[in-house]
Amino acid sequence: MFTALGRLLSPPSCAACSAELRARTVFCVVCARAVIEIPDARVAGVLVVAGGAYGGPLADAVRRLKFGDRPDLASPLGDLLRAAALRAGLEGDVVLPVPLHPRRLVHRGYNQAALLARRAVRSLGAPLNVDALERKRGDRPQVELSAAARAANVEGAFVVRRPCAVEGRRVIVIDDVVTTGATAKACADALRAAGATTVTMLALARVP
């Protein structure tokens, strides 16, 4: 608690390198120059809108958010998601974060996708629903797996707990990184089966 309070009261710093910032931006000038924009693309059949290409300072910031016990970074990085959504003219009827398996949630202490979604939803014009989608299995981290193993790890892993929240609606799913698209496809399959009309993934970064 005291660590979080200290970060809140300290001067704003770069999400990647912790350099002090004069304004509340996401990255310092040096790191911002190294973030590469990436076009929208279909990955594993799902349209993905991303804040940038995964690598360099953006990858450093994502790793700090996920594995460095830095939930406070969800606020500035959420602004990067908002900018990507505005750039793409992204519209939807409901916003869902990619859920963590309960064991992973207990281990990490927070769901980074949910924290990002709470920030990004301000620019999406759609309500946030953190309970509609549930991860029922596949608690092994995707980062440890090959492409084939990633797909097997999340195949059928997601279930829609509240079909009424997505039926007949355009759904925007929030995640941190899209690599092979295995998680995006598994989420989209479950949501489409529950009646979602379209599913779009909004992520901080995408592997080119």
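The label point for residue 131 and the one for residue 161, both projected 7 Å from the Cα toward the Cβ, are 0.7 nm apart. Computed from the Cβ-Cβ distance with R0 of 30 Å, the FRET efficiency linking residue 197 to residue 83 stands at 0.70. Considering only alpha-carbon pairs that sit under 8 angstrom and 6 or more positions apart, the relative contact order computed for the chain is 24 percent.
Across the options 80, 46, 57, the greatest Cα extent toward the positive end of the charge dipole of the range 12-114 (unit charges at beta carbon of Lys, Arg, Asp, Glu) belongs to 57. The label point for residue 37 and the one for residue 110, both projected 7 Å from the Cα toward the Cβ, are 3.0 nm apart. Each Lys and Arg contributes +1 and each Asp and Glu -1, all at the Cβ; summed about the Cα centre of the range 36-206, the dipole is approximately 280 debye. Between 97, 27, 68, the Cα set farthest toward the positive side of the dipole of the range 1-111 (charges on each charged residue's Cβ, about the Cα centre) is that of 68.
Using a Gaussian network model of the chain in which every pair of alpha carbons under 10 angstrom is joined by a spring, one finds that among 133, 80, 21 the greatest mean-square fluctuation is at 21. Placing a pseudo-label 7 Å from each Cα along the Cα-to-Cβ vector at residue 91 and residue 170 gives an inter-label distance of 0.5 nm.
With helices as the sole contributors, the chain gives -10500 deg cm²/dmol at 222 nm; each DSSP H run of n ≥ 4 counts as -39500 (n - 2.57), and the sum is divided by every residue.
Every read-out reported here was derived from the displayed coordinates using simple, explicitly stated rules and does not represent laboratory data. All values reported here derive from a predicted model rather than from experimental measurement. Reconstructed Cβ throughout: ideal geometry from the backbone, glycine too, with neighbour counts over all protein chains shown.
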